1. Relative contact order for the chain: what percent, with Cα pairs under 8 Å and sequence separation of 6 or more?
2. When the convex hull of the C-alpha atoms of segment 211-302 is computed, what volume per residue in Å³ does it have?
3. What's the angle, to the nearest 10 degrees (0 to 90), between helix 122-135's Cα axis and the longest principal axis of the chain?
4. Compute the acute angle (0 to 90°) between the alpha-carbon long axis of helix 290-301 and the principal axis of greatest extent of the alpha-carbon atoms of the chain; round to the nearest 10°.
5. How much length is gained if the chain between residue 173 and residue 292 is pulled fully straight, taking 0.36 nm per residue apart and subtracting their Cα-Cα distance, in nm to one decimal?
6. Taking the Cα-to-Cβ direction at residue 24 and at residue 210 and moving 7 Å from each Cα, how far apart do the two end points lie in nm?
7. Nearest 10 degrees, 0 to 90: what angle lies between the long axis of helix 201-218 and the longest principal axis of the chain (Cα atoms)?
8. What does the extension gain come out to for residue 201 and residue 254, with contour length at 0.36 nm per residue minus their alpha carbon separation?
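Each reported figure results from applying straightforward, stated rules to the coordinates on display, with no laboratory input. Predicted model only: the values in this text are computed from it and were never measured. Note that each Cβ is placed from the backbone with ideal geometry, even for glycine, and that neighbours are counted across all protein chains shown.
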């Protein structure tokens, strides 16, 4: 195929309606979807990550959903390589590809490229891991907030791996982790058209609470129970599972676990919006504005 290639990037907070919109866009532009949701890569995590249903996955070809086991080591650099390789293949037969998800760092890796963060003495990492194991997540959150408040605003605060990475870079280089994430973006062989989905906050939070009730009804506690023995794995250090692990460890009752699931999901959505709103290239729409959205996308392609 010759001519300009386009990547339609659809971002937004959890529960806003990205899956439904992307299925419609994929059919409209006769194309396929790549997930940049770092929680949906893992086969063992289904209900807690709000993956598209089997019926939705069958409607349009999807890439990088259920592509890994939680046992596998995977990071944003590997994701960048995988996604670019898939894009290269898809652009042989498609002029347009859709990428969607709520993981801003993973989306940025494909669109802008990754910053070259220097290697840090492994002893520093081991020291931080030891401190984290002794003092816990709250200590880790406080340390990162202290040394790099800008990054702390954006990071998934339930993910100790990302928090420890920020801390080790800070201790190892004397520089803030966020300072390595501002380089000039790389040139890609496609034009990215960025769509952001939003809803009124009250409506979004109601949708998140309702969806959590539906996940629980569908068996989220059973899914987490089956994964309980592997709860220390990095992939499982995330909203939707860590709250239930706390309940299974006897730290609080089931009612409190449900409250934390809903609260932390709402907080996660807020952090996602904070991340995406700093990007002036994103054009924001409400999900109901499909016609305006398609008109805007086509105008960018003209």
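1. Details: 402 pairs, mean separation 81.5, N = 302.
Normalised by residue count, the contact order of the chain is 27 percent.
2. Details: hull volume 13.5 nm³, N = 92.
Each residue corresponds to 146 Å³ of Cα convex hull volume.
3. Computed tilt is about 70 degrees.
4. Around 70 degrees separate the two axes.
5. On the way: separation 119, 0.36 × 119 = 42.84 nm, distance 4.67 nm.
Difference between extended and current length: 38.2 nm.
6. My value for the distance between the label points is 1.6 nm.
7. With rounding to tens, the tilt is 70 degrees.
8. Working: separation 53, 0.36 × 53 = 19.08 nm, distance 2.65 nm.
My answer for the length gained is 16.4 nm.
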